[in-house]
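Chemist: Below is one structure. I have some questions about it.
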Amino acid sequence: VQLQASGGGLVQAGGSLRLSCAASGLTFSTYAVGWFRQAPGKEREFVAVISRSGGSTRYADSVKGRFTISRDNAKNTVYLQMNNLKPEDTAVYYCAANRQNNISGNLRVYDIWGQGTLVTVSS
């Protein structure tokens with residue numbers, strides 16, 4: 001069972017990036033998938049989550065209107081489109097899954113975690 005996050009990089013403020021979270025070894029369509037991030041010296045925080053069907057989403061207030069989460073169950077992949085990036089978005093981004101289809105922002109709900117991908121936004 002594995003989640004593989006990718007797509008991070010260095011971008012200027014106002015730019016865009018798309019992160020991908022590819023799953024293997026699990027029935028992907030039965031899991032809700034979330035994105036979290038952790039900036040240096042800070043706790044890991046919720047960013048966005050999508051239900052197993054893709055019909056429900058939830059976002060942190062700090063990214064509403066700028067980030068969009070989506071999924072393609074045929075490709076076992078969840079995406080995070082990040083637009084109008086700000087320096088405060090700089091962090092390691094992690095994807096995580098929970099089989100309860102819980103779209104909570106509580107980290108404890110998620111039982112499968114991928115490795116992170118670094119996003120750096122320069123001013």
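Chemist: Give the long-range amide H neighbours of R58: residues separated by 5 or more places, or on another chain, with amide H under 5 Å away, using H modelled in the peptide plane at 1.01 Å from N.
Modeler: When sequence neighbours closer than 5 places are left aside, the close amide H contacts are V49.
Chemist: Taking every Cα atom in the stretch 50-117, find the radius of gyration and the maximum pairwise distance Dmax, and write them in Å.
Modeler: Expressed in Å, the Cα Rg and Dmax of the stretch 50-117 come to 12.3, 34.
Chemist: Calculate what fraction, in whole %, of the accessible area of the stretch 10-57 sits on carbon and sulfur atoms when a 1.4 Å probe is rolled over the protein chains. Don't skip to the end; give the middle numbers.
Modeler: Details: 980 of 2270 Å².
Here carbon and sulfur together make up 43 percent of the probe-accessible area.
Chemist: Hey, another quick one. With bins 10 Å wide starting at 0, give me the P(r) of the chain over every alpha carbon pair, in whole percents.
Modeler: 15, 51, 29, 5, 0
Chemist: If you don't mind, there's one more thing I want to ask. Send over a whole-number figure in Å² for the accessible area per residue of the stretch 11-123, probe 1.4 Å.
Modeler: Numbers: 5440 Å² over 113 residues.
Counting only protein heavy atoms, the per-residue value for the stretch 11-123 is 48 Å².
Chemist: Taking θ as phi - 60°, what are the ³J(HN,Hα) couplings along the stretch 29-45 by the Karplus curve (6.51, -1.76, 1.60), each to the nearest whole Hz, with x for Gly and Pro?
Modeler: Values, residue by residue: 5, 9, 10, 6, 10, x, 10, 10, 9, 9, 8, x, x, 10, 7, 5, 10 Hz.
Chemist: Still on this structure, I have one more. Just order 32-45, 92-105, 52-65 by mean Cβ neighbour count inside 10 Å, highest at the front, would you?
Modeler: Listed from highest to lowest mean packing, they are 92-105, 32-45, 52-65.
Chemist: Next question. Around I112, which amide H atoms from residues at least 5 apart in sequence, or from another chain, sit under 5 Å from its own amide H, with H modelled in the peptide plane?
Modeler: When sequence neighbours closer than 5 places are left aside, the close amide H contacts are A97.
Chemist: May I ask for log10 I(q)/I(0) of the stretch 1-57 at q = 0.16, 0.30 Å⁻¹, from a Debye sum over the Cα atoms as equal point scatterers with solvent left out?
Modeler: Normalising to I(0) and taking log10 leaves -0.65, -1.26.
Chemist: State the Cα centre-to-centre distance between the stretch 1-18 and the stretch 76-118 in whole Å.
Modeler: Computed from Cα coordinates, the inter-centre distance equals 11 Å.
Chemist: A follow-up question, please. Can you give me the long-range amide H partners of G9? Hydrogens built in the peptide plane at 1.01 Å from N, cutoff under 5 Å, separation of 5 or more residues or another chain.
Modeler: V119, T120
Chemist: Give me a comma-separated list of calculated 3J(HN,Hα) values for the stretch 78-94, in order, Karplus coefficients 6.51, -1.76, 1.60 applied at θ = phi - 60°, integers in Hz, x for any Gly or Pro.
Modeler: Couplings: 10, 10, 10, 7, 10, 10, 6, 5, 10, x, 6, 7, 4, 4, 8, 9, 10 Hz.
Chemist: How far, in nm, would the chain grow between E45 and D111 when pulled straight, counting 0.36 nm per residue and subtracting the alpha carbon separation?
Modeler: Details: separation 66, 0.36 × 66 = 23.76 nm, distance 1.55 nm.
So the extension gain works out to 22.2 nm.
The values are calculated or read from the model by the stated rules, or taken from the named source; none is laboratory data. Nothing here was measured: the structure is a model prediction, and the numbers come from that model. Glycine also receives a Cβ, built like all others from the backbone with ideal geometry; neighbour counts cover every protein chain displayed. Just so you know, the surface numbers come from the protein's heavy atoms only, side chains and all, with ligands and any DNA or RNA stripped out. Shrake-Rupley method; radii C 1.70, N 1.55, O 1.52, S 1.80 Å.
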